[in-house]
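Q: Structure below; questions to follow.
The values are calculated or read from the model by the stated rules, or taken from the named source; none is laboratory data. Just so it is clear, the model here is predicted, and its values are computed rather than measured. Positions of Cβ are generated from backbone atoms using ideal geometry, with glycine treated the same way; all protein chains shown enter the neighbour counts.
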Amino acid sequence: MNAWRIYMKKGFVQLLIGFSFIAFCKNTHATTYYFSSTAGNDLYTSLEARNPQTPWKSIDKLNSFFKNLNSGDSVLFKRGDVFNGSIVVSKSGAVFAPICFGAYGNGTQPQITTLKPITGWAMVKSGVYEAPCTAGSTMLLMNGKQQAMGRYPNKGYLTFQNHDGNTSITDNQLPATSNWSSGEVVIRKNRWIIDRNKIVSQTGSTINYEPGNTTYPPTNKYGYFIQDNLKTLDVLGEWYFDKQRNKMMVFFGNRNPDKFTVTTNTADYLVDIHKFQYLTFNDIAFTGAGKNAFNIIQSRSIVIKNCKIDLTGADAVFANYSPLLTVSNCVINHSLSGGINMDAGCVNSIVRENEILNTGLLPGMGKSNSGTYEGITSFGDNTKIEQNRIDSVGYNGIYFGGNASTVKNNHITYFCLTKDDGAGIYIGDWSKTVNKKVISNIILHGVGNSEGTPYTQSLQAEGIYIDDNSESVTINNNTVSRCANNGIKVHNAKGVSIANNTVFDNGVQLRMEQDHYIATSSLIRNNSVKNNTFFSKSDMQPVAKFSTHLDDIKAFGQIDSNFYNKNHPNSIKAATVKNGKHVNSSYSLSSWKASSGKDHSSVEARNGNILFEYNASGKAKTVILKQPYVDVHQNVYVDKVVIGSYSSVLLIASAEPVIKHGNAYTAISKQKIESFKWRD
C-alpha cells in the first residue's frame, strides 16, 4: 500500500511538472508542433504537425517554419530520437508567452546534434589515414571521446628563450630544418594564458606568428608546442583537418580505422540566437557543437533548463549582451573552453543548480585570452550563481564580477588543472564594480599546473582569489581546503570583508599580497578579516602570509578574532620593505600581535587529531563520531555532529576524558576541570 502511494505521488508530480511546462508556454491561442526524426515527415502540413501522430521530421523544417511561430507556441521533440542540425532562431516570444522547446513521449531526452560519422578511410602514409570531410571539423571524436589535434611534442612544452612583441618566439634548440611554416603555435604566455596563434613562417630557430585577437605578449623561458599540422600526427587519435582539400587526417597506427567510430561536427552552433527574446529550452540534450552549443547574442530572457549539453568545441553556453538569461538544472560536460560564459551585458542573470564537468582539460583546444578554460564566467550586474557543482576544470571554477552579484552555495572541486594563477572562485575587477558577495561555498582541491613555466615546483591554485583592483567584496561562511597555494588570497584589493570562513589544509591559509603588479594596482586597504578559522595540517603550511612592497601591513585593515592552530611556533610570515631593504619575518601568534597590532582577540586552538567534514548539499548532514571531539569554540561533540547545508566542521580529538552531567559534557584534565556547552 505504501509503495502504491509513493508510485501515485511520483506520477502525480511528473504529471504536474508536465502541465506546468505546457501552461507556462501556452496562452489561449498557442499551438504545439511535434517533431520526430524516426516517425516524422516534413511533407505534413502545419495543421498535421500539431498532432503527435503526424509530426514533422527535421531541424531544417523547424528553421524554415520558425518565423510562423507565435508567442506561447511550443515545439516538442520526441524522446529517444536524434535530430541532426542547428536551430536558427528567427522569431521572439513575449513576456508571459515565450516560445518553448521541449520533449514529448517516453524514453531519454531528445538529442540535437551536429555530429556525423567520417568513413571511407584511405592510408596516405605509415599510420596516417584520410577521409573526405566537408564539415566544419573543429572537433573530432573517436568512440565518443574528444581527441586533441596532433601536436609536437606529444606531451609537455618546448621552451623559448626570447620573443619579439606578440609576433614571434625564439627557441635556440629548435632546428632550422623543422620548417614549421603552417599550423598553430600554442604558447603558454604566462601562468594564466594559453594562446593559439597562426604560424606565418619559421626563420632559423624563430617561429613567426599572427597575433590575431590575443593581446598578451609571451614571457621568456615559458613554453610552447605546435599543432594543426600534418607532421605532428604520430599518436592514436591525433588529427589534422586539411581545409584546402576537405580531408580529415587521423593517426591510427597499425589499427584498422573501420574498427573505430569517428565523428566530427557539421556546424558551429546547436542553437543560434541573434537579437531575439523570450525563448525557453527545457528537457533536451544538445551534443557536438563545433563552437558553442548555445550562441546567444544581444538577446533577452532566454531560459535553458533541465538540459544536457555535451561535447562542445568552445563554450556550452556563450552569451553576449543578453540580459535576464537563466541556466538551471542542466548537466554540462566536456566543453573544450568554457561551461557558461556571460559578458558584462548579461545583467540580472541566474545560473543555478547546474553540474559543470570536465571543462577545458585539453591545452591548446580552448580559446585564447583570459576568461577561458573556466566553469562559469560572468560579469553582468545583479547576477546570481548558486547551488552549482563544478568538477574538474582547466582554470577558474567561477570567475565573476558585476555590481551586486552573488556567488552562493556552490561546490567546486579540482580546478586549475590546465593552467593556474587562478582559483575555485576568482574575482578580478578590471573595471570597477562593487557589492559582490561570495557566501557559503565549498571549495576543494585546487591543483595547479606548472607545465610550460620555468617554475616547475610552483603550483599556483587558490581557493578564493580577490585580485587586482577588486573592492567591496564580502567573503563569508565559505569552506576552503586542499588548495596547492593559498586558501584565501587578497592581491592588491581593498574593502574586502572576510568573515566566518573555515580554511584548512592549504599551502597557506590566508595570504595578503601587495606588490604594485601593474601601474593601476590598488593598495591593500580597509579590509576586515574576522572570526575565521585558519588551520594548517602540517608545519610546512603557514597559517598566514603578509607581504608588501612598502612597510604598511598595519594599514591593511582590521584582522582580529580569528582562530589559528599552532602546528608550528612561527607559522605567521611577513615580508616588507624597510629603508629600501627587503625584510622577511616569522612570528608566533603572540609575537605577531605585538609586532603588527593585529589579531588582539585571536586565539590558538589546541593540537590533536583533526576531523574535517563538509556538507555540499541543501540538507543537514549527520556524521557519527567514534570518539569525543572539540571545536575551536571549545564545544564538545560526543557521538555525532550535525553539519548545516553548504558548511563544514573542523574538530580536534579531545585529549581529556569526557563525562556527562545532565545536558552538559565536561572534559576533565589533571590540572583543571573545563565545562563545555553540549552540542548534538
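Q: Tell me the residue from SER470, SER450, SER528, SER522 that is among the small types (Gly, Ala, Ser), over 24 Å from THR383 (Cα atoms) and at pLDDT below 95, please.
A: Details: SER470 fails: over 24 Å from THR383 (Cα atoms); SER450 fails: at pLDDT below 95; SER528 fails: at pLDDT below 95.
Answer to the selection: SER522.
Q: Collect the residues in the range 148-194 that are of a type in the set (Lys, Arg) and in a loop (DSSP other than H, G, I, E, B), keeping them in residue-number order.
A: LYS155, LYS189, ARG191
Q: Considering only the range 240-350, give the strands (runs of 3 or more DSSP E) lying wholly within it that have at least 1 residues that are in contact with a Gly (Cβ under 7 Å, 6 or more places away or on another chain).
A: Numbers: elements: 247-251, 262-265, 271-274, 277-282, 285-287, 294-297, 300-305, 308-312, 315-320, 326-328, 331-335, 338-342.
Per the criteria, 247-251, 262-265, 277-282, 308-312, 315-320, 331-335, 338-342.
Q: Let me ask something else. Are there any pairs, at least 6 apart or on different chains, whose C-beta atoms fall under 6 Å, with the first in the range 306-322 and in the same structural domain as PHE101 (by TED's automatic domain parsing) and the second among the basic types (Lys, Arg), and if so, which?
A: That search, which allows pairs on different chains as well, returns GLY313/LYS291; ALA314/LYS291; ALA314/LYS367.
Q: State whether one or more residues within the range 585-603 are free of Cβ contacts under 8 Å to residues at least 60 places away in the same chain, farther than 21 Å from LYS537 by Cα and hydrophobic (A, V, I, L, M, F, W, C).
A: Looking for residues that are free of Cβ contacts under 8 Å to residues at least 60 places away in the same chain, farther than 21 Å from LYS537 by Cα and hydrophobic (A, V, I, L, M, F, W, C), one finds at least one in the range 585-603, hence yes.
Q: Can you pull out every residue in the range 369-415 that is more than 14 Å from the chain's Cα centre (by Cα), of a type in the set (Ser, Thr, Tyr) and surrounded by fewer than 23 Cβ atoms within 10 Å (Cβ to Cβ)?
A: Going through the range 369-415, the residues more than 14 Å from the chain's Cα centre (by Cα) turn out to be 369, 379-384, 401-406, 408-409.
Narrowing further to those that are of a type in the set (Ser, Thr, Tyr): 383, 405-406.
Answer for the range 369-415, where residues must be more than 14 Å from the chain's Cα centre (by Cα), of a type in the set (Ser, Thr, Tyr) and surrounded by fewer than 23 Cβ atoms within 10 Å (Cβ to Cβ): just THR406.
Here's the yes/no breakdown for (1) surrounded by fewer than 15 Cβ atoms within 10 Å (Cβ to Cβ); (2) of a type in the set (D, E, K, R); (3) part of a strand (DSSP E or B); (4) in contact (Cβ under 8 Å) with a residue 24 or more places away in the chain:
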{"residue": "TYR34", "(1), (2), (3), (4)": "no, no, yes, yes"}
{"residue": "THR38", "(1), (2), (3), (4)": "yes, no, no, yes"}
{"residue": "ASP42", "(1), (2), (3), (4)": "no, yes, no, no"}
{"residue": "ALA49", "(1), (2), (3), (4)": "no, no, no, no"}
{"residue": "SER71", "(1), (2), (3), (4)": "no, no, no, yes"}
{"residue": "LEU76", "(1), (2), (3), (4)": "no, no, yes, yes"}
{"residue": "LYS91", "(1), (2), (3), (4)": "no, yes, no, yes"}
{"residue": "ASN106", "(1), (2), (3), (4)": "yes, no, no, yes"}
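Q: Hey, among GLY428, GLY422, which residue is farther than 20 Å from GLU355 by Cβ, surrounded by fewer than 23 Cβ atoms within 10 Å (Cβ to Cβ) and either polar (S, T, N, Q) or under 16 Å from the mean Cα position of the chain (by Cα) (or both)?
A: Values: GLY422 fails: surrounded by fewer than 23 Cβ atoms within 10 Å (Cβ to Cβ).
Matching residue, one of GLY428, GLY422: GLY428.
Q: Continuing with this model, one more query. Among the residues of the range 445-483, count how many are of a type in the set (D, E, K, R) and either in contact with a Pro (Cβ under 7 Å, 6 or more places away or on another chain) or part of a loop (DSSP other than H, G, I, E, B) (or both).
A: From the range 445-483, those of a type in the set (D, E, K, R) are 451, 462, 467-468, 471, 482; that's our starting set.
Now restrict to residues that are either in contact with a Pro (Cβ under 7 Å, 6 or more places away or on another chain) or part of a loop (DSSP other than H, G, I, E, B) (or both): 451, 467-468.
Within the range 445-483, residues that are of a type in the set (D, E, K, R) and either in contact with a Pro (Cβ under 7 Å, 6 or more places away or on another chain) or part of a loop (DSSP other than H, G, I, E, B) (or both) number 3.
Q: Have a look at VAL529, VAL503, VAL543 and point out the one that is of a type in the set (A, V, I, L, M), surrounded by 15 or more Cβ atoms within 10 Å (Cβ to Cβ) and in contact (Cβ under 8 Å) with a residue 40 or more places away in the chain.
A: Answer to the selection: VAL503.
Q: Is it the case that the range 603-612 has a residue that's under 27 Å from LEU459 (Cα atoms), in contact with a His (Cβ under 9 Å, 6 or more places away or on another chain) and either modelled with pLDDT of 95 or more or assigned to a strand (DSSP E or B) (or both)?
A: Checked against the condition, which is being under 27 Å from LEU459 (Cα atoms), in contact with a His (Cβ under 9 Å, 6 or more places away or on another chain) and either modelled with pLDDT of 95 or more or assigned to a strand (DSSP E or B) (or both), the range 603-612 yields no hits at all.
Q: Quick test for you: out of ILE187, ILE199, ILE193, ILE273, pick the one residue that is outside the structural domain of THR134 (by TED's automatic domain parsing), out of contact with any helix residue (DSSP H, G or I) (no Cβ under 6 Å at 6 or more places or on another chain) and touching a residue at least 24 places away in the same chain (Cβ under 8 Å). Full working, then the answer.
A: Details: ILE187 fails: outside the structural domain of THR134 (by TED's automatic domain parsing); ILE199 fails: outside the structural domain of THR134 (by TED's automatic domain parsing); ILE193 fails: outside the structural domain of THR134 (by TED's automatic domain parsing).
Going through ILE187, ILE199, ILE193, ILE273 in turn, the sole match is ILE273.
Q: Could you check how many residues of the range 432-445 are in contact (Cβ under 8 Å) with a residue 40 or more places away in the chain and not aliphatic (A, V, I, L, M)?
A: 3
Q: Which ranges mark the strands (runs of 3 or more DSSP E) fully within the range 531-602 that have 1 or more residues being touching a Leu at 6+ places or on another chain (Cβ under 7 Å) and not assigned by TED's automatic domain parsing to the domain that holds VAL632?
A: Details: elements: 533-535, 544-548, 557-560, 563-565, 572-578, 581-587.
Counting at least 1 such residues, we get 533-535, 544-548, 563-565, 572-578.
Q: Which members of the range 290-315 meet the condition of being among the small types (Gly, Ala, Ser) and within 19 Å of the chain's Cα centre (by Cα)? Can you show your working first?
A: As a first pass, look at the range 290-315 and keep what is among the small types (Gly, Ala, Ser): 290, 293, 299, 301, 313-314.
Answer for the range 290-315, where residues must be among the small types (Gly, Ala, Ser) and within 19 Å of the chain's Cα centre (by Cα): ALA293, GLY313, ALA314.
Q: Scan ALA122, ALA135 and give me the residue that is in contact (Cβ under 8 Å) with a residue 12 or more places away in the chain, touching a strand residue (DSSP E or B) at 6+ places or on another chain (Cβ under 7 Å) and among the small types (Gly, Ala, Ser).
A: On the way: ALA122 fails: in contact (Cβ under 8 Å) with a residue 12 or more places away in the chain.
Answer to the selection: ALA135.
Q: Residues of the range 209-229 being buried (at least 18 other Cβ atoms within 10 Å of the Cβ) and more than 21 Å from TYR373 (Cα to Cα), which ones?
A: TYR209, ASN229
Q: Another question, then. Only one of GLY371, GLY375 is without any contact (Cβ under 8 Å) to a residue 40 or more places away in the chain, touching a Gly at 6+ places or on another chain (Cβ under 8 Å), within 25 Å of VAL317 (Cβ to Cβ) and not assigned by TED's automatic domain parsing to the domain that holds SER617. Can you tell me which?
A: Only one candidate passes the filter, namely GLY371.
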